[in-house]
Amino acid sequence: MSNAHTPHDMSDPVRQARRITRPLVLVGLMGVGKTSIGRRLASALDRDFVDADEEIERAADRTVAEIFEAHGEAYFRDGERRVIARLMEEGHGVIATGGGAFVDPETRALVLDQGLAIWLDCDIETLVERTSRKNTRPLLKTGDPHTILRDLKEQRSPAYAQAQIHVVTGDGPHELAVERIIEELAAWQ
Ligand code: S3P
């Protein structure tokens with residue numbers, strides 16, 4: 001008899017992916033969809049989700065843009081490093097990080113050692129289009145967003161490429177990216 005509609009009816013990749021107990025840490029450039037894909041991934045795997053930028057804002061009681069403006073980028077990066085170390089220590093299920101977090105050698109080493117880093121990668125045109133919808137990212141206010149994102153991609157790709165999992169997404173629905181991540185997680189040993 002079929003029990004196709006019981007809560008135990010998980011597709012195989014989901015069941016396989018759920019074996020991984022380390023925090024799943026989404027890394028990649030601004031606009032790639034780390035927060036939104038992270039939320040959906042957490043819900044598909046029945047894990048909790050936390051967004052590092054939101055946690056930084058909560059801890060500082062200021063927005064990221066306000067922190068950059070009042071104290072500069074180096075100060076923001078210090079806070080970011082501390083907050084991500086705390087989130088890793090707390091053992092959250094899925095953690096979305098800000099685009100620069102995984103470039104920091106300490107954060108990268110911690111995530112690679114105790115978590116599973118997932119690099120969400122995407123073409124620059126899509127990133128430019130998505131980031132243009134919000135005006136909250138201080139790094140994109142200093143010049144032409146296309147040039148800035150292209151340069152950041154070049155500078156940061158060697159760090160992102162160290163992530164255990166690499167998923168290339170396009171301008172398609174985030175659900176598709178979640179499916180692809182789950183397949184990669186299922187295959188990960
Ligand atoms: C940054 C990305 C932002 C935020 C800050 C700096 C970066 O997060 O942390 O504006 O250096 O790429 P998102 O990647 O979530 O936009």
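Summary table below
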read-out: Computed P(r) (all Cα pairs; the chain; 10 Å bins; percent); value: 9, 37, 36, 14, 4, 1, 0
read-out: Solvent exposure of segment 57-189 as accessible area per residue, Å², 1.4 Å probe; value: 53
read-out: Point-to-point label distance, Thr126-Ser157, nm (Cα→Cβ direction, 7 Å offset); value: 1.5
read-out: Amide N of segment 145-184 lying under 20 Å from the label point, which is placed 7 angstrom from the Cα of Asp12 along Cα→Cβ; value: 178-184
read-out: Separation between Cα centres of segment 121-142 and segment 22-48, rounded to whole Å; value: 18
read-out: Computed magnitude of the charge dipole of the chain (debye, nearest 20; Cβ of K, R +1, Cβ of D, E -1); value: 140
read-out: Chain lengthening between Arg81 and Arg150 when straightened (0.36 nm per residue, less Cα-Cα); value: 22.4 nm
read-out: ³J(HN,Hα), Karplus 6.51/-1.76/1.60, whole Hz, each residue of segment 168-185, x for Gly, Pro; value: 8, 10, x, 8, x, x, 5, 4, 5, 4, 4, 4, 5, 4, 4, 4, 5, 5
read-out: Positive-end residue of Ile56, Gly100, Leu116, charge dipole of segment 1-120 with Cβ unit charges; value: Leu116
read-out: Residue-by-residue Karplus 3J(HN,Hα) for segment 58-72, coefficients 6.51, -1.76, 1.60, Hz, glycine and proline x; value: 5, 4, 8, 6, 8, 6, 4, 4, 5, 5, 4, 5, 7, 10, x
read-out: Mean Cβ count within 10 Å, highest first, over the residues of peptides 157-170, 19-32; value: 19-32, 157-170
read-out: Accessible surface of the chain [probe 1.4 Å, protein heavy atoms]: carbon and sulfur percent; value: 49
read-out: Label-point separation in nm, Glu106 to Thr21, each point 7 Å along Cα→Cβ; value: 2.8
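The values are calculated or read from the model by the stated rules, or taken from the named source; none is laboratory data. Values in this document were obtained by computation on a predicted structure and should not be read as measured data. Backbone-built Cβ (ideal geometry, glycine too); neighbour counts: all protein chains shown. Surface areas here come from the heavy atoms of the whole protein model, side chains and all, with no ligands, DNA or RNA. Shrake-Rupley method; radii C 1.70, N 1.55, O 1.52, S 1.80 Å.
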